[in-house]
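The structure under discussion appears below in the form of structure tokens.
The values are calculated or read from the model by the stated rules, or taken from the named source; none is laboratory data. Just so it is clear, the model here is predicted, and its values are computed rather than measured. Here Cβ is always computed from backbone atoms with ideal geometry, including for glycine, and neighbour counts include all displayed protein chains.
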Amino acid sequence: MQLNEAARHAISAELAQRGISQRALARMLGWSQTYLQNRILGRYALTTTEVEQIAKALEVPVTQLIPVAAPQ
């Protein structure tokens, strides 16, 4: 699973767990719902900055949305 895909899944799971809609999150971020939806659906890649902004809005550590690779 690629990093972006993992982040999208983690964001979607966090929203579902909290009962927060994409529309509500987009409002919290000052983004349009379409902008957020395109990133969560993978039409456009999420940037690190965007994931950081989402983590801040959801009040979770970035590492909760971007999995840290285990040492090999």
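Here the condition is being surrounded by 13 or more Cβ atoms within 10 Å (Cβ to Cβ), farther than 14 Å from residue 6 by Cα and either β-branched (Val, Ile, Thr) or more than 10 Å from the chain's Cα centre (by Cα) (or both); of 24, 45, it holds for 24 alone.
Would you check which residues across region 1-20 are of a type in the set (Gly, Ala, Ser) and loosely packed, with under 12 Cβ neighbours inside 10 Å and list them? Before the answer, list the steps.
At the first step, the residues of region 1-20 found to be of a type in the set (Gly, Ala, Ser) are 6-7, 10, 12-13, 16, 19.
Scanning region 1-20 gives 16, 19.
Rundown of residues vs (1) in contact with an Asp or Glu (Cβ under 8 Å, 6 or more places away or on another chain); (2) touching a residue at least 60 places away in the same chain (Cβ under 8 Å); (3) aliphatic (A, V, I, L, M); (4) in a loop (DSSP other than H, G, I, E, B), yes/no style:
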residue	(1), (2), (3), (4)
5	no, no, no, no
12	no, no, no, no
17	no, no, no, no
25	no, no, yes, no
34	no, no, no, no
43	no, no, no, yes
46	no, no, yes, yes
56	no, no, no, no
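Being small (Gly, Ala, Ser) and modelled with pLDDT under 95 holds for only one residue in 57, 26, 6, 16, and it is 6.
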